[in-house]
1. Is it the case that residue 90 is in a loop (DSSP other than H, G, I, E, B) and either of a type in the set (Ser, Thr, Tyr) or open to solvent by less than 60 Å² (accessible area, probe 1.4 Å) (or both)?
2. Being open to solvent by less than 30 Å² (accessible area, probe 1.4 Å), under 30 Å from residue 125 (Cβ atoms), part of a strand (DSSP E or B) and in contact (Cβ under 8 Å) with a residue 40 or more places away in the chain is the filter here, so list the residues in region 51-81 that pass it.
3. Here is a list of conditions, (1) open to solvent by 50 Å² or more (accessible area, probe 1.4 Å); (2) closer than 30 Å to residue 107 by Cα; (3) touching a residue at least 24 places away in the same chain (Cβ under 8 Å), and residue 6 meets all of them except one; can you say which number that is?
4. Can you confirm whether residue 47 is among the hydroxyl-bearing types (Ser, Thr, Tyr), at pLDDT below 95 and closer than 25 Å to residue 106 by Cβ?
5. Given the criteria touching a residue at least 40 places away in the same chain (Cβ under 8 Å), among the charged types (D, E, K, R) and more than 25 Å from residue 123 (Cα to Cα), does residue 85 qualify?
6. Which condition does residue 45 not pass, out of (1) surrounded by fewer than 15 Cβ atoms within 10 Å (Cβ to Cβ); (2) assigned to a strand (DSSP E or B); (3) on the phi < 0 side of the Ramachandran plot, if it passes all the others?
7. Looking only at residues in region 14-42 that are among the polar types (S, T, N, Q) and not in a strand (DSSP E or B), which one is farthest from residue 94 (Cα to Cα)?
Amino acid sequence: LRYKSDRRFFGWIAYTLSRSERRESFDRPLRAFQFDQTHILTVLGSYKLGAGWQVGARFRLVSGNMYTPNVGGTVDLDSGSYAPRSAVPAFGSRLPPFHQLDLRVDKTWQFKQWSLLAYLDVLNVYNNQNPEGVSYNYNYSQQSIASGVPILPTLGIRAEL
């Protein structure tokens, strides 16, 4: 759904329902594929305040990534390390959903033949610990969720002719 833009505001809501499945062989059942992201929701909006100022926001909610959990480790005495024992089926588990809010404020100065834009982008405003993967200890007996980017402010300047 897209809002018909006016002089000050534009925005949209996009939802994707998609299922990516795979069959290992003709006699095996279908299962979610490694890169399946069943649900993707994006809500975006931007508002011109006037005098060259503009604010915007983007919210995203996405199904968690598929992964293959390890169910322990086996010691390799020759190398002195552990090798993981993976669960079956491969990519049979899903991480928790990903959600993030990003904000932006920018200011544009218009000159005769060029313009200057300064902006502040803040990714992951509420500092959600989004799950990106799984980490294991040395012998694969304990796991923890590896988080993505924390709150990340970015300042920038752009000049255009």
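The values are calculated or read from the model by the stated rules, or taken from the named source; none is laboratory data. None of the values given here were measured: they were computed from a predicted structure. Heads up, the Cβs are rebuilt from the backbone with ideal geometry, glycines too, and the neighbour counts pull from every protein chain shown. Side chains are part of the model used for accessible areas, which takes the heavy atoms of the whole protein and leaves out ligands, DNA and RNA. Shrake-Rupley method; radii C 1.70, N 1.55, O 1.52, S 1.80 Å.
1. yes
2. Result: 56, single match.
3. (3)
4. No.
5. yes
6. Every listed condition holds for residue 45 apart from (1).
7. 25
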